[in-house]
Amino acid sequence: MAFDFDLFVIGGGSGGVRCARIAATHGARVAVAESRHWGGTCVNLGCVPKKMMVQASEYGEHALDGRGFGWSSEPGTHDWARLIAAKDHEIGRLNAIYVRLLGNAGVTLFEGRARFEDAHTLVLEPGPLDPEFEPRRITARRIVIATGSTPVVQPHIEGYEFGINSDQAFHLPERPERVTIVGGGYIGVEFAGIFAGLGSEVQMIFRQKLPLRGFDEDLRHALAEAIEARGITAHPNSLLHGIRRLDGDQHGALQVRLTDGREWATDCVFFAVGRMPNVAGLGLDATGVRTTAEGRILVDAGSETHEPGIFAIGDVTNRVNLTPVAIAEGHILADRLFGGVTREWSFDTIPKAVFFSPPLASVGLTEHEAAEQGPADIYLARFTPMRHTLSGRKRHSVMKLVVDQASSRVVGVHMLGEDAPEMMQGMAIAVSAGLTKADFDRTIGIHPTSAEEFVTMRARTRMAAVAE
Ligand code: NDP
């Protein structure tokens, strides 16, 4: 059978665009459908605008910190609308770059929504990106689902409809004075920092004792301290019961109530309780693609679904939901299908960063994970970074190495402190390469930096402990 395309990618986000572009450069006839925004969540409603907003939120503190260095600087007032407009302008530029990259690679672009009619046939219909899009039917030999994820909704919470999620947070008409964040994961922590830095009063509700479940315990403790130091009120071990509108409040204030009865007034409730795969409306029933109850598309190690010729990459498979992972999955797949190339990526040592202020970053095993695998040594440093000896700001850095005793390999590196994500990229190379503590020790430091601490930690702090 002759197909219109060798490869059709559903979703023009980070993973889909990379897959399409690489397949096209290998000579395949490729098309991509995107219904909402080129660049997907990362560029439009995720990593990129989030980081701009984190940066925006840090200028007030920089101005205050400058006083310790002799400046008579004041934070002044922040113009939310100007920030949102500047961010949207830059995102518009990035959207255009994505379109150009695909076009230059010879990929055909469709600004519509794709739905399966059968395993090789898609119906394309209008979506928000182009409501005038002319519907059509297209066939492809292979199809990649790269539709990403969307914020989880919690309709069982009374008054849920009064809340927002990260999609809306990027386009609020004005900055709420009082924000209540539900969830202590990546998005909850990052937006708590953004709003606090811009001047909002922030409360965080999360159900664990500490934020960021899954990260190293020392980092989680250090983050809890940093959250407090930024004036954010954390409500650990807590669950939201409901939200109601405060009667007669012309500013639209809300009242939140926890399951233990505690209550307070707020202007915005922000749900950051995870993301779920975007599979609604894809017509997967018309194919042999199988999903879990939560909608995660099941794939094998080669990203192939239960329907031969249909693949899935990125958040829609809910493996590791990070942009660079989706990009790697898309690149590997395109190389394998159309280039005959087997590309290797180190999925066991994926570095992670959370952009709070100060940020935190990690690669490899946490202390508890290492201890479960065998005896391990912990090297830990905690100090006030040089900048804050003069600024007077209460801010500490925590740096940690986890070393497997049997092999002497550094199996985990963790840090909370300024520039942690920038440092961790290099540390990830060391951990992926399997370097030992002796390799770290013989590396000369760069002085004076915080990073040199990673190569000057000589005395073991303790043996690694398993989780309680
Ligand atoms: P996360 O999974 O990181 O965190 C979700 C939070 O919500 C956790 O605190 C979780 O608690 C809590 N939660 C989940 N379900 C409930 C519930 N029913 N009731 C109460 N609390 C609940 O999700 P996010 O939404 O923060 O982010 C989504 C994903 O996006 C991340 O996992 C990450 O993959 C990606 N991301 C990455 C970023 C980065 O790389 N810097 C930035 C932003 C997002 P518990 O821990 O108890 O389950």
>> Given the criteria near the ligand (Cβ under 7 Å from one of its atoms) and of a type outside the set (Phe, Trp, Tyr), does Glu190 qualify?
In response: yes
> When the residues of segment 122-158 are filtered to those that are within 16 Å of the ligand (Cβ to nearest atom) and part of a strand (DSSP E or B), which remaining residue is surrounded by the most Cβ atoms within 10 Å (Cβ to Cβ)?
Replying inline: Ser149
>> If I filter segment 79-101 for residues that are assigned to a loop (DSSP other than H, G, I, E, B) and either touching a Phe, Trp or Tyr at 6+ places or on another chain (Cβ under 7 Å) or more than 16 Å from the ligand (Cβ to nearest atom) (or both), do I get at least one hit?
In response: yes
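Residues are listed down the side, and each one gets a yes or a no for (1) exposed (fewer than 15 other Cβ atoms within 10 Å of the Cβ); (2) farther than 25 Å from Leu284 by Cβ:
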| site | (1), (2) |
| --- | --- |
| Asp4 | no, no |
| Val48 | no, yes |
| Asp79 | yes, yes |
| Glu90 | yes, yes |
| Val107 | no, no |
> For segment 440-468, which residues satisfy the criterion of being farther than 24 Å from Ala370 by Cα and out of contact with any helix residue (DSSP H, G or I) (no Cβ under 6 Å at 6 or more places or on another chain)?
Replying inline: Ile444, His447, Pro448, Thr449, Ser450
> Applying the selection to segment 337-353, what residues are part of a loop (DSSP other than H, G, I, E, B) and aromatic (Phe, Trp, Tyr)?
Replying inline: Trp345, Phe347
> Is there any pair with a first residue in segment 62-84 that is modelled with pLDDT of 95 or more and a second that is of a type in the set (A, V, I, L, M, F, W, C) whose Cβ atoms are under 6 Å apart and which are 6 or more apart or on different chains, and what are they?
Replying inline: Gly68/Leu390; Phe69/Leu390; His78/Leu198; Leu83/Ala56
>> Tell me which helices (runs of 4 or more DSSP H) are completely within segment 354-468 and hold 2 or more residues being surrounded by 23 or more Cβ atoms within 10 Å (Cβ to Cβ) and not charged (D, E, K, R), or say none if there are none.
In response: 420-432
> Restricting attention to segment 355-375, and to residues there that are farther than 18 Å from Pro211 by Cα and out of contact with any Gly (no Cβ under 8 Å at 6 or more places or on another chain), which single residue is nearest to the ligand (Cβ to nearest atom)?
Replying inline: Glu372
> Ile243 passes all but one of (1) more than 25 Å from Val48 (Cα to Cα); (2) within 13 Å of the ligand (Cβ to nearest atom); (3) of a type in the set (Val, Ile, Thr); which number fails?
Replying inline: (2)
> When residues of segment 314-334 are filtered for being on the phi < 0 side of the Ramachandran plot and either within 16 Å of the ligand (Cβ to nearest atom) or surrounded by fewer than 18 Cβ atoms within 10 Å (Cβ to Cβ) (or both), how many remain?
Replying inline: 14
> Restricting attention to segment 340-353, which residues are surrounded by 16 or more Cβ atoms within 10 Å (Cβ to Cβ) and either of a type in the set (Ser, Thr, Tyr) or within 30 Å of Val107 (Cβ to Cβ) (or both)?
Replying inline: Thr349, Ile350, Pro351
> Which one is surrounded by the fewest Cβ atoms within 10 Å (Cβ to Cβ) among residues in segment 166-187 that are outside any loop (DSSP other than H, G, I, E, B) and within 12 Å of the ligand (Cβ to nearest atom)?
Replying inline: Asp167
> Where residues in segment 204-262 are without any contact (Cβ under 8 Å) to a residue 24 or more places away in the chain and of a type in the set (Lys, Arg), which of them is surrounded by the fewest Cβ atoms within 10 Å (Cβ to Cβ)?
Replying inline: Arg257
>> Please verify whether Gly283 is more than 23 Å from the chain's Cα centre (by Cα), more than 16 Å from the ligand (Cβ to nearest atom), exposed (fewer than 13 other Cβ atoms within 10 Å of the Cβ) and not hydroxyl-bearing (Ser, Thr, Tyr), treating the condition exactly as stated.
In response: no
> Is at least one residue of segment 288-308 in contact (Cβ under 8 Å) with a residue 60 or more places away in the chain and over 30 Å from Leu322 (Cβ atoms)?
Replying inline: no
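The values are calculated or read from the model by the stated rules, or taken from the named source; none is laboratory data. A quick note: this is a predicted structure, and the numbers were derived from the prediction, not measured. Reconstructed Cβ throughout: ideal geometry from the backbone, glycine too, with neighbour counts over all protein chains shown.
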